[in-house]
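**Q** My structure is below; once you've seen it, I'll send some questions.
The values are calculated or read from the model by the stated rules, or taken from the named source; none is laboratory data. Just so we're clear, the structure is a prediction, and the values are computed from it rather than from any experiment. Ideal geometry is used to build each Cβ from the backbone, glycine not excepted, and the neighbour counts take in all protein chains shown.
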Amino acid sequence: MQQQNIIKASMSYGLILGLIFSVNFYLSITRNFILSLLSYAVMLAILVLSYKMSVRFRDKDCGGYISYSKSFSFLLLIFFFGSIISMFIKYIYFQYINPTYLERLLSETLSVMEFVHLPLTEEVHDKIQDMLTPFVFSLQSFWINMLLACIIGIFMAFFVKKEKGIGDIES
């Protein structure tokens, strides 16, 4: 029953996180300076919200107590489900809504490489081009989110965990 609890709750909270990840993505790719700055505020909001979600899970679904490992697992799961949603939204954006975005990014990347005099062989060009396909680029963002979830989870789980003490009564 506990395993179903953590999966169900993390899917619900992950949906919210995925939508916020997607909003942050749209803010960060705009060429509007103010909206790009706003994406940093959204990143901070993601941290605060993931903490609040974890505390709510602890208090509502776990009876007020949660171990470090369960807290860490919950954080990974909400980021996992949120990252999946964000990955699909990014893929749809790159594949259908703005297919020229990654082509422009490739062009800008190659220009920067030329500007800093990095060797640009045909093989390097092809590898960069392979990385900037809608599927691969979206998948990379998923793994980056999961790496960040591990780092955030390691620290945040310390603040969320709450073990039962000697004087605590079972309810």
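**Q** Residue check: is PHE57 modelled with pLDDT of 95 or more, closer than 17 Å to GLY153 by Cβ, surrounded by 14 or more Cβ atoms within 10 Å (Cβ to Cβ) and over 17 Å from the mean Cα position of the chain (by Cα)?
**A** On the way: modelled with pLDDT of 95 or more: yes; closer than 17 Å to GLY153 by Cβ: yes; surrounded by 14 or more Cβ atoms within 10 Å (Cβ to Cβ): yes; over 17 Å from the mean Cα position of the chain (by Cα): yes.
Considered against the rule, which asks whether it is modelled with pLDDT of 95 or more, closer than 17 Å to GLY153 by Cβ, surrounded by 14 or more Cβ atoms within 10 Å (Cβ to Cβ) and over 17 Å from the mean Cα position of the chain (by Cα), PHE57 comes out as yes.
**Q** Of all residues being among the β-branched types (Val, Ile, Thr) and assigned to a helix (DSSP H, G or I) in region 26-49, which is surrounded by the most Cβ atoms within 10 Å (Cβ to Cβ)? Just the residue, please. Break it down into steps so the answer makes sense when it comes.
**A** Going residue by residue through region 26-49, those that are among the β-branched types (Val, Ile, Thr) are 29-30, 34, 42, 46, 48.
With assigned to a helix (DSSP H, G or I) added as a condition, the list becomes 29, 34, 42, 46, 48.
Details: ILE29: 16, ILE34: 8, VAL42: 17, ILE46: 20, VAL48: 9.
Looking at residues that are among the β-branched types (Val, Ile, Thr) and assigned to a helix (DSSP H, G or I), I get ILE46.
**Q** I would also like to ask the following. Could you please let me know if PHE74 is surrounded by 15 or more Cβ atoms within 10 Å (Cβ to Cβ), within 20 Å of the chain's Cα centre (by Cα) and in a helix (DSSP H, G or I)? So that I can check it myself, show each step before the final result.
**A** Values: surrounded by 15 or more Cβ atoms within 10 Å (Cβ to Cβ): yes; within 20 Å of the chain's Cα centre (by Cα): yes; in a helix (DSSP H, G or I): yes.
It is true that PHE74 is surrounded by 15 or more Cβ atoms within 10 Å (Cβ to Cβ), within 20 Å of the chain's Cα centre (by Cα) and in a helix (DSSP H, G or I).
**Q** Let me spell it out: the conditions are (1) in a helix (DSSP H, G or I); (2) in contact (Cβ under 8 Å) with a residue 40 or more places away in the chain, and HIS125 meets all of them except one. Which number is the exception?
**A** With (1) in a helix (DSSP H, G or I); (2) in contact (Cβ under 8 Å) with a residue 40 or more places away in the chain applied to HIS125, the lone miss is (2).
**Q** Is it fair to say TYR96 is at pLDDT 95 or above, on the phi < 0 side of the Ramachandran plot, exposed (fewer than 12 other Cβ atoms within 10 Å of the Cβ) and of a type in the set (Phe, Trp, Tyr)? Walk me through how you get there before you give the answer.
**A** Details: at pLDDT 95 or above: yes; on the phi < 0 side of the Ramachandran plot: yes; exposed (fewer than 12 other Cβ atoms within 10 Å of the Cβ): yes; of a type in the set (Phe, Trp, Tyr): yes.
Taking the combined requirement at face value, the residue satisfies it.
**Q** Hey, any hits in region 130-145 for a residue that's exposed (fewer than 10 other Cβ atoms within 10 Å of the Cβ) and either in a helix (DSSP H, G or I) or of a type in the set (Gly, Ala, Ser) (or both)?
**A** To start, the set of residues in region 130-145 that are exposed (fewer than 10 other Cβ atoms within 10 Å of the Cβ) comprises 130.
Then drop every residue that is not either in a helix (DSSP H, G or I) or of a type in the set (Gly, Ala, Ser) (or both), which leaves 130.
Among the residues of region 130-145, at least one is exposed (fewer than 10 other Cβ atoms within 10 Å of the Cβ) and either in a helix (DSSP H, G or I) or of a type in the set (Gly, Ala, Ser) (or both), which makes the answer yes.
**Q** Of all residues being free of Cβ contacts under 8 Å to residues at least 12 places away in the same chain and not charged (D, E, K, R) in region 3-25, which is surrounded by the most Cβ atoms within 10 Å (Cβ to Cβ)? Just the residue, please. Give the steps one after another, and end with the answer.
**A** Keep residues of region 3-25 that are free of Cβ contacts under 8 Å to residues at least 12 places away in the same chain, which gives 3-4, 8, 12.
Next, from what is left, pick out any that are not charged (D, E, K, R): 3-4, 12.
On the way: GLN3: 7, GLN4: 8, SER12: 14.
Among residues in region 3-25 that are free of Cβ contacts under 8 Å to residues at least 12 places away in the same chain and not charged (D, E, K, R), the one surrounded by the most Cβ atoms within 10 Å (Cβ to Cβ) is SER12.
**Q** Can you tell me which residues in region 1-58 are more than 16 Å from LEU148 (Cα to Cα) and of a type in the set (Phe, Trp, Tyr)?
**A** Residues satisfying the conditions are TYR13, TYR26, PHE33, PHE57.
Each row is one residue, and each column tells you yes or no for (1) over 26 Å from VAL136 (Cβ atoms); (2) at pLDDT 90 or above.
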| site | (1), (2) |
| --- | --- |
| THR30 | no, no |
| LEU44 | yes, yes |
| TYR65 | yes, yes |
| ILE78 | no, yes |
| GLY82 | no, yes |
| SER86 | no, yes |
| ARG104 | no, yes |
| GLU114 | no, no |
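**Q** In contact (Cβ under 8 Å) with a residue 40 or more places away in the chain and under 30 Å from LYS162 (Cβ atoms), is that true of PHE94? Walk me through how you get there before you give the answer.
**A** Working: in contact (Cβ under 8 Å) with a residue 40 or more places away in the chain: yes; under 30 Å from LYS162 (Cβ atoms): no.
Considered against the rule, which asks whether it is in contact (Cβ under 8 Å) with a residue 40 or more places away in the chain and under 30 Å from LYS162 (Cβ atoms), PHE94 comes out as no.
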